[in-house]
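Chemist: My structure is below; once you've seen it, I'll send some questions.
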Amino acid sequence: MYPAVHAPPGASRRAIDLKLKPRWRFDAARGLFVAGSGRTFAPTSLPRGSRIVYKVPSLAATDPAKLSGSERALTRYMQVILPAGGATAAEVTAIRGWPCVEDVSAPPEVSLPARP
């Protein structure tokens with residue numbers, strides 16, 4: 001087996017996957033997570049240049065009353081896209097502490113085999 005060749009630092013952006021708790025959503029216009037009860041949370045601990053996006057943006061833009069249960073479940077999945085070269089361990093720990101997040105997972109390390 002060949003050893004892995006890792007991408008140079010800063011070569012690509014990394015994304016952290018997260019799942020929102022039930023009845024939470026992300027208001028992209030305001031940059032806030034909003035609970036069904038009206039409670040809000042501002043994600044201020046992210047590095048500058050980070051973006052928060054829905055994995056299925058078309059469903060997130062649809063009125064939840066018009067979605068099936070499975071479609072509503074899909075709207076709970078999001079990604080935090082970090083700036084190029086951003087470390088993820090600290091961000092995963094910070095995101096895990098957000099009140100709106102049920103589950104967080106770091107991306108796998110992507111590499112290619114080295115040539116012999």
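What follows is calculated from the coordinates using simple rules that are stated; it is not laboratory data. Small disclaimer: the values here were computed from a predicted structure and weren't measured. Methodologically, a virtual Cβ is constructed for each residue, glycine included, from the backbone with ideal geometry; neighbour enumeration extends over all protein chains shown.
Chemist: How would you rank T88, T93, going from fewest to most other Cβ atoms within 10 Å of each one's own Cβ?
Modeler: Ranking T88, T93 by Cβ neighbours within 10 Å, fewest first, gives T93, T88.
Chemist: May I ask you to evaluate 6.51 cos²θ - 1.76 cosθ + 1.60, the Karplus curve with θ = phi - 60°, for each residue of the range 28-39 and list the ³J(HN,Hα) values in order in whole Hz, giving x for glycine and proline?
Modeler: Result, ordered by residue: 5, 4, 9, x, 10, 8, 10, 8, x, 7, x, 4 Hz.
Chemist: Hey, fewest Cβ within 10 Å first, where do Y77, Y54 land in order? Each step should come with its number before you reach the end.
Modeler: Numbers: Y77 16, Y54 19.
The fewest-first ordering by Cβ neighbours comes to Y77, Y54.
Chemist: Scan around Y77 for amide H atoms under 5 Å from its own, H built in the peptide plane at 1.01 Å from N, and keep only partners 5 or more places away or cross-chain.
Modeler: Under 5 Å from the amide H of Y77 lie the amide H atoms of L20, K55, each far enough along the sequence or on another chain.
Chemist: Let me ask something else. If you place +1 on the Cβ of every Lys and Arg, -1 on the Cβ of every Asp and Glu, and leave all else neutral, what size is the dipole of the range 12-107 about its Cα centre, to the nearest 20 Debye?
Modeler: Values: 15 positive and 7 negative charges, 20 e Å.
Computed about the Cα centre, the dipole is about 100 debye.
Chemist: Next question. Quick one: which residues, 5+ away or cross-chain, put their amide H under 5 Å from the amide H of V101? H built at 1.01 Å from N.
Modeler: K21
Chemist: Starting at the first residue of the range 50-63, write each ³J(HN,Hα) from the Karplus equation 6.51 cos²θ - 1.76 cosθ + 1.60 with θ = phi - 60°, in whole Hz, x for Gly and Pro.
Modeler: Going residue by residue, I get 6, 10, 10, 9, 6, 6, 10, x, 5, 6, 5, 7, 8, 4 Hz, with x marking Gly and Pro.
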